1. Determine the dipole magnitude for the chain: charges of +1 sit on the beta-carbon of Lys and Arg, -1 on that of Asp and Glu, nothing else is charged, the reference point is the Cα centre, and the result goes in debye to the nearest 20.
2. At 1.4 Å probe size, with every protein chain present, just tell me what the per residue accessible area of segment 9-69 comes to in Å².
3. Using only the Cα atoms of segment 18-69, construct the convex hull and provide its projected area averaged over every direction, in square nanometres to one decimal.
4. How much of the accessible area of the chain, probe 1.4 Å, is carbon plus sulfur, in whole percent?
5. So what's the angle, to the nearest 10 degrees on a 0 to 90 scale, between helix 12-28 and the longest Cα principal axis of the chain?
6. Mind checking the angle between helix 32-46 and the chain's longest principal axis? C-alpha axes, 0 to 90 degrees, to the nearest 10.
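The values are calculated or read from the model by the stated rules, or taken from the named source; none is laboratory data. Worth saying up front: this structure is predicted, and the values here are computed from it rather than measured. Neighbour counts run over all protein chains shown; Cβ positions are idealised from the backbone, glycine included. With ligands, DNA and RNA removed, areas are computed over all heavy atoms of the protein, side chains included. Shrake-Rupley method; radii C 1.70, N 1.55, O 1.52, S 1.80 Å.
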Amino acid sequence: MTDAPMRKTGSRDELVTDLLDSAQGWHHFGKDKLRDDSSAGAADLQSGAGSVTVGHTTYVVDEDTDTAS
């Protein structure tokens, strides 16, 4: 079995919400690095980044739904 990277595509707002929710979940499980990475990824997306990688997942803003650019 291999750990293939995952790719999640969505609107900027959806991905930011997902990352912030994930940060809370990682905190609950005591995974502080993943919590911090999720929070930083959300901040990067809010600042206009087109994609971020957290753990094994790359979050990609769908250009068709992006209103920030």
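1. With only Lys, Arg, Asp and Glu charged at Cβ, the dipole is about 280 debye.
2. 62 Å²
3. One quarter of the hull surface, i.e. the mean projection, equals 3.3 nm².
4. That share works out to 49 percent.
5. 10 degrees
6. The two axes meet at around 0 degrees.
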